[in-house]
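Data block below; observations after.
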4 protein chains.
Amino acid sequence: MADARRVLVVGGSGYAGALAARLIDRHPAFALSGVTSRSDAGRTLNELYPHHRVDAVLRELDIDRDGGVDAAIVAYPHGAAAPVVAALRARGARVVDLSADFRLRDRDIYERWYGTHGAPELFGDAVYGLPEVYGEQVAAADLVANPGCYPTATLLGLAPLARSGTVTDVVVDAKSGVSGAGRAPSQKTHFVAIDENVVPYGVGAHRHMPEIDQELAALGSPVTTTFAAHLMPLDQGELVSCYVTTSEPWSQERVDDAYGRWAQNRPFVEVVASPPGVRDVRDSNVCAICARADARTGKVLVFAAIDNLWKGAASQAVQNLNLMFGLPETAGIEP
Amino acid sequence: MADARRVLVVGGSGYAGALAARLIDRHPAFALSGVTSRSDAGRTLNELYPHHRVDAVLRELDIDRDGGVDAAIVAYPHGAAAPVVAALRARGARVVDLSADFRLRDRDIYERWYGTHGAPELFGDAVYGLPEVYGEQVAAADLVANPGCYPTATLLGLAPLARSGTVTDVVVDAKSGVSGAGRAPSQKTHFVAIDENVVPYGVGAHRHMPEIDQELAALGSPVTTTFAAHLMPLDQGELVSCYVTTSEPWSQERVDDAYGRWAQNRPFVEVVASPPGVRDVRDSNVCAICARADARTGKVLVFAAIDNLWKGAASQAVQNLNLMFGLPETAGIEP
Amino acid sequence: MADARRVLVVGGSGYAGALAARLIDRHPAFALSGVTSRSDAGRTLNELYPHHRVDAVLRELDIDRDGGVDAAIVAYPHGAAAPVVAALRARGARVVDLSADFRLRDRDIYERWYGTHGAPELFGDAVYGLPEVYGEQVAAADLVANPGCYPTATLLGLAPLARSGTVTDVVVDAKSGVSGAGRAPSQKTHFVAIDENVVPYGVGAHRHMPEIDQELAALGSPVTTTFAAHLMPLDQGELVSCYVTTSEPWSQERVDDAYGRWAQNRPFVEVVASPPGVRDVRDSNVCAICARADARTGKVLVFAAIDNLWKGAASQAVQNLNLMFGLPETAGIEP
Amino acid sequence: MADARRVLVVGGSGYAGALAARLIDRHPAFALSGVTSRSDAGRTLNELYPHHRVDAVLRELDIDRDGGVDAAIVAYPHGAAAPVVAALRARGARVVDLSADFRLRDRDIYERWYGTHGAPELFGDAVYGLPEVYGEQVAAADLVANPGCYPTATLLGLAPLARSGTVTDVVVDAKSGVSGAGRAPSQKTHFVAIDENVVPYGVGAHRHMPEIDQELAALGSPVTTTFAAHLMPLDQGELVSCYVTTSEPWSQERVDDAYGRWAQNRPFVEVVASPPGVRDVRDSNVCAICARADARTGKVLVFAAIDNLWKGAASQAVQNLNLMFGLPETAGIEP
């Protein structure tokens, strides 16, 4: 692949970064130029993630040596990401940032939830990288903020309703596998704490809430979402169960029609007849969605399943890169 | 225990019946008079459930031989339970019925959800066996309808709110371990179908909904509950996440006060500061509850965890029997 | 792919057949001509296996309509497979058979373990499809007997020792995920029976034993293997822990040398420094092997991990098909 | 319980210590005098282990304040345990030590595997606390070394063979749930590393090997055991699969006779007809054993299952304490 675009993965020792490295490494039009790590420099990716089978030595990021690439996927925590993104942009690399640093358009809201921002001058440049909604803007962007995993599933599930402007109240009950909590060992992610357990967390205070509210408003339905996340005894997979109150009744026919149109020309949106299980989308960039008008209560119930590491992080980053470089949206991540 | 009350378990090859047999077998004031089974007569309980260590041979129910007991726990499916309950009552045995046959007080609603009733003459005699709400009536009853597992957790979690009469809308997102689906093998309960999966089921059509609505109304808040259940990759355990809209705002102080009073003198109600995991109540009759006033949205969020086979079925049956025989509520099922 | 070879999958409703259909469907040089099923004809593969995303309707096998293909993968149980294989061979299709029907070369041994054989005339024609050992014969074969999952892992792990002729005793402690037990629901594969459990099975009587003995002898070390299998709470994955007594001492150096040579030019054999976990090979055709000379006891300990549905069944079938059609061994199943 | 014996638990923040605290707290003849912790002093046991429901504040050990008890269970790591045991013994407390510090009778062997010993003067005083073998000595002892979990299962499983003096070779393939790896978070115990995985560890170098060899020799069969442990995706439970070569053939009749006698008067030894699953003994002090003469190979195969935290640690400590104080062996830990 002499003419493959060179892509750097920054922060490859975490789950999302490592998977991004694998997807780039196998991609028909990208070449993996390197993988950096702050915590595990000197070790190989194969040592940390044998099943990815990516032959790369993790190294400290040296922006002068590593920055001259066509693109980078940055998989740092929020706060740490912004300055690295700025440095890469300064060298001309297009960037998909997996952190929260460039997702929120309102700096005040950002700083309320996350603290001081590390590269405020770029704050307005980023495109929110949900390709099913912002595909054209992504194609023209140099900096894309990859959405959070919960917002990805929630927004793909609620977009047809939100765009109608009729949504007045949303409850999102989110359920995630443990890889969503990251690779750092802790009491919370110890096998014994997770096994045979289900635990709510981030109740009423999860950082993905302002992101969901921002985008539901942008779609046409300004609401304050009620949100609770739950950690479940599985590895990869995320389900959001959404309970939506609308200002006018939605029949099942109207629901089916709206969701049918939503799936058209969106290769990773699958509208299914029965509520999906997260296994149905494991190791894929697909979001499976089932929407039901509940005649008893008048609410619309929407269930959306993704793989939190794929569509919720790494493969969505590749989908964004594909668009940024004029490639087929599905290149390297075919459903 | 010459003077122990003799208790028969009808339907001991299922999970709940087998556990009931174990709890009766170890109980300080009850003696296990026998365990019946339609499907596995002739086999031993130890064969089916080695870890229960109950030395009993399962036998076909012979009402003439088996019916002369002080009490029976009936663990048959709905529909099959009612005639057996009637036959046992006719012989004077006090009965706790684990099925849905005597939970609903409105026969029309029963028949809409379950079909023709098998013992309508008893329909009005049964007490709804949620001891934390109906303790006095249970103590005086000869026939107790043990609540469904989801109603148990939901009602214990919402009672303080519902009794205030201020509840106007309830969303219940319920999550259950697989033992709740019963012992019969099926594609849905195959290990490979459950492992690494989370699947919604019973969306907008679960039979526990009318039961929840009936009891929330009885507590003071008539609402039509929105309900969805989810099957999770664990054995025992159930969490209900409840999103409650109220007619007037509830501060965290008011919430804490109401739930603090709710836990008083109810030995199996534990009000906890952080949302509970289902492991916290495994193999116990405890319901752990956390309630949060969500200042952002004005809703109250309530998380209630039980063991679906214990408080959601077998140990709650024992709790009811304790009350029916004037024993300490906690006998044999101490937290 | 106008010139793609047309491949039929017979028995596509089971785990291995369905995966074979997916691998053929995505293969660069094969086209999926159809998928048959005895139990689920009329349903779609997507209904049974949404995550495979293969757009095919399962149909009853009609040998006249379906038999005119370049090749078939037969995924029937032993006994049922032989006549279908014979019918397909009679129409000229090359066949890879996943059952045990053509693995054993001694008909007496076959009939002792499996009963009467359904196509004895083909008994001698089949090649044992372990490509790492019989690659040349497979390339020339029209009928290949895909090895059992346990023999695959065991033989790949022990070949370097067995070929030396120094093996005098072998204990194989095998551990398998539940998909190895097949898709049919039963008490044994119920989630609740498997979860938090490990259960030995097939102790001293597993049908894979004569297959292992046959091939160890063919490699140069005739022994009677001691074998016990264990069912573990996971979906896909198989580990064999082999405890080998030899007629002369093997130093770690000799072990390393023999295994290093074994991995050469075998793209799916990975010799690793630490005992592998089954996750390392999940969803791949790789067998990861670690061999240790145990100075304390003089034994050699070998740990070999495969994915029982991939290298233990479906992807090994594709590997065999690749060789049978002169394609690169790794086509469509790259590590 | 005015006259209950006062028992201190030293090291109650780990899994085994916490369970010991719960068992003592519920025991009919013991009273929990306190629970100490080096890492979590000031926190409550309920905070760390809500499901144990033990109302105790963890505190730093103050030997002057805490040492005046009738007995102590010490749940420190090896090396750290010995000096604390010595201090408690100096104050007259009887001690059951869960560490390895007093299990080995040969100081050289101890120091080869564990390093310098912290209280060599007590080295010869301890009794090896496998009550099924050393019950009389335990009853007379002031210091009992609770066996390791693997030795417990292995020795209970092999004792009838070992006592015959006919054992010439033993392979132990051990499989453990994750609680055996302790509560400290690490990459190895992260949910994502364990889930859907099985990983060998301690191959040829596990510290439980010299302990097994010491006791097999004491029983009458001096051998050098081949041992490999495997970490499995479950919480509590341990299975040892033992492959035994004997100097003379054992028929199944002889096996059955020897194991039948072994189970007599040993309330926690259960000899079962089919290889046991670890679920069968979960949360109990029982060891379930199945022994099979393998006619094909002449070996005897023995499968023994325990709960690693119960019979493998905490409940066996209580069994030892029961004997040390002349109580019924099963007090507080009835099967």
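Within this structure, D:G118 passes the test of being open to solvent by 20 Å² or more (accessible area, probe 1.4 Å) and either within 25 Å of D:V7 (Cβ to Cβ) or assigned to a helix (DSSP H, G or I) (or both).
Within region A:272-293, count every residue that is within 14 Å of A:T154 (Cα to Cα) and either assigned to a strand (DSSP E or B) or aromatic (F, W, Y) (or both). Counting residues in region A:272-293 that are within 14 Å of A:T154 (Cα to Cα) and either assigned to a strand (DSSP E or B) or aromatic (F, W, Y) (or both) gives 5. Taking C:R282, is it farther than 27 Å from C:E136 by Cβ, open to solvent by 10 Å² or more (accessible area, probe 1.4 Å) and within 17 Å of the chain's Cα centre (by Cα)? In short, yes. All conditions in (1) of a type outside the set (V, I, T); (2) under 22 Å from B:T225 (Cβ atoms); (3) in a loop (DSSP other than H, G, I, E, B) hold for A:L234, with the sole exception of (2).
This table checks each residue for (1) among the hydrophobic types (A, V, I, L, M, F, W, C); (2) in contact with a helix residue (DSSP H, G or I) (Cβ under 8 Å, 6 or more places away or on another chain); (3) closer than 26 Å to C:K175 by Cα.
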| site | (1), (2), (3) |
| --- | --- |
| C:D40 | no, yes, no |
| C:Y49 | no, yes, yes |
| C:I63 | yes, yes, no |
| C:G124 | no, no, no |
| C:G129 | no, yes, yes |
| C:E136 | no, no, no |
| C:A139 | yes, yes, no |
| C:L143 | yes, yes, no |
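Of note, B:T245 does not satisfy the criterion of being over 19 Å from B:R292 (Cα atoms) and either within 13 Å of chain A (Cβ to nearest Cβ) or among the acidic types (D, E) (or both). Please tell me if B:A295 is within 18 Å of the chain's Cα centre (by Cα) and among the hydrophobic types (A, V, I, L, M, F, W, C). When the stated conditions are applied, B:A295 does not pass them.
What about C:R254, is it among the basic types (K, R), more than 9 Å from chain D (Cβ to nearest Cβ) and farther than 29 Å from C:R22 by Cβ? Criteria met by C:R254. Looking across region C:136-164, the residues that are open to solvent by less than 40 Å² (accessible area, probe 1.4 Å) and more than 10 Å from C:V240 (Cβ to Cβ) come down to C:V138, C:A141, C:L143, C:V144, C:A145, C:N146, C:P147, C:G148, C:A159, C:P160, C:L161, C:A162. Has region D:196-207 got at least one residue that is in a helix (DSSP H, G or I) and either surrounded by fewer than 22 Cβ atoms within 10 Å (Cβ to Cβ) or not hydrophobic (A, V, I, L, M, F, W, C) (or both)? No: region D:196-207 contains no residue that is in a helix (DSSP H, G or I) and either surrounded by fewer than 22 Cβ atoms within 10 Å (Cβ to Cβ) or not hydrophobic (A, V, I, L, M, F, W, C) (or both).
Would you check if there is a residue in region B:198-208 being within 12 Å of chain A (Cβ to nearest Cβ), farther than 23 Å from B:L301 by Cβ and more than 21 Å from the chain's Cα centre (by Cα)? Checking region B:198-208: at least one residue is within 12 Å of chain A (Cβ to nearest Cβ), farther than 23 Å from B:L301 by Cβ and more than 21 Å from the chain's Cα centre (by Cα).
Considering (1) open to solvent by less than 10 Å² (accessible area, probe 1.4 Å); (2) among the small types (G, A, S); (3) more than 11 Å from every other protein chain (Cβ to nearest Cβ), the lone condition that B:G332 does not fulfil carries the number (1). Residues that are more than 21 Å from D:L98 (Cβ to Cβ) and buried (at least 24 other Cβ atoms within 10 Å of the Cβ): does region D:256-272 have at least one? Within region D:256-272 (the criterion being more than 21 Å from D:L98 (Cβ to Cβ) and buried (at least 24 other Cβ atoms within 10 Å of the Cβ)), the answer is no, since none of the residues qualifies.
Residues of region B:20-33 include none that is assigned to a strand (DSSP E or B) and of a type in the set (V, I, T).
Taken over region C:64-80, the criterion of being outside any loop (DSSP other than H, G, I, E, B) and either under 29 Å from A:A305 (Cβ atoms) or without any contact (Cβ under 8 Å) to a residue 60 or more places away in the chain (or both) is satisfied by C:D64, C:R65, C:D66. Taking only region B:162-195 into account, find how many residues are among the polar types (S, T, N, Q), facing chain C (nearest Cβ under 9 Å) and assigned to a loop (DSSP other than H, G, I, E, B). Qualifying residue count, region B:162-195: 1. Here D:G177 clears all of (1) in contact with a Leu (Cβ under 6 Å, 6 or more places away or on another chain); (2) surrounded by fewer than 24 Cβ atoms within 10 Å (Cβ to Cβ) except the condition numbered (2). Taking the condition within 18 Å of A:K311 (Cβ to Cβ), of a type in the set (F, W, Y) and buried (at least 17 other Cβ atoms within 10 Å of the Cβ), does A:Y128 pass? Answer is yes for this residue. In the set (1) charged (D, E, K, R); (2) crowded, with 18+ Cβ neighbours inside 10 Å; (3) more than 12 Å from chain C (Cβ to nearest Cβ), the condition left unmet by D:D213 is number (3).
Scan region A:85-115 for residues that are aliphatic (A, V, I, L, M), in contact (Cβ under 8 Å) with a residue 40 or more places away in the chain and assigned to a helix (DSSP H, G or I) and the total you get is 3.
Taken as a whole, the condition of being under 21 Å from C:L19 (Cα atoms) and either modelled with pLDDT under 95 or within 18 Å of the chain's Cα centre (by Cα) (or both) applies to C:A305. The residues of region A:15-39 that are within 16 Å of the chain's Cα centre (by Cα) and surrounded by fewer than 24 Cβ atoms within 10 Å (Cβ to Cβ) amount to a single one, A:Y15. Among the residues making up region D:275-291, those that are within 11 Å of chain C (Cβ to nearest Cβ) and not small (G, A, S) are D:P275, D:P276, D:V278, D:R279, D:D280, D:V281, D:R282, D:D283, D:C290.
Within region A:292-315, the set of residues being at the interface with another protein chain (Cβ under 8 Å from one of its Cβ atoms) and open to solvent by 10 Å² or more (accessible area, probe 1.4 Å) comprises A:R292, A:D294, A:A295, A:R296, A:T297, A:K299. In this structure, A:T226 does satisfy being open to solvent by less than 10 Å² (accessible area, probe 1.4 Å) and either more than 9 Å from every other protein chain (Cβ to nearest Cβ) or polar (S, T, N, Q) (or both). When region D:33-78 is filtered for residues that are of a type in the set (G, A, S) and modelled with pLDDT of 95 or more, the ones remaining, listed by number, are D:S33, D:G34, D:S37, D:A41, D:G42, D:A56, D:A71, D:A72, D:A75.
Taking region B:294-324 as the region of interest, how many residues are part of a loop (DSSP other than H, G, I, E, B) and in contact with a strand residue (DSSP E or B) (Cβ under 6 Å, 6 or more places away or on another chain)? Looking only at that region, the number is 4. Which residue is surrounded by the most Cβ atoms within 10 Å (Cβ to Cβ), if the candidates are limited to region A:46-63 and must be in contact (Cβ under 8 Å) with a residue 24 or more places away in the chain and among the aliphatic types (A, V, I, L, M)? If we take residues in region A:46-63 being in contact (Cβ under 8 Å) with a residue 24 or more places away in the chain and among the aliphatic types (A, V, I, L, M), then A:L58 is surrounded by the most Cβ atoms within 10 Å (Cβ to Cβ). Within region C:234-250, being open to solvent by less than 10 Å² (accessible area, probe 1.4 Å) and without any contact (Cβ under 8 Å) to a residue 60 or more places away in the chain holds for C:L234, C:D235.
The values are calculated or read from the model by the stated rules, or taken from the named source; none is laboratory data. All values reported here derive from a predicted model rather than from experimental measurement. Using ideal geometry, Cβ is built from the backbone for each residue, glycine included, and neighbour counts are taken over all protein chains shown. For accessibility, only protein heavy atoms count, side chains too; no ligands or nucleic acids. Shrake-Rupley method; radii C 1.70, N 1.55, O 1.52, S 1.80 Å.
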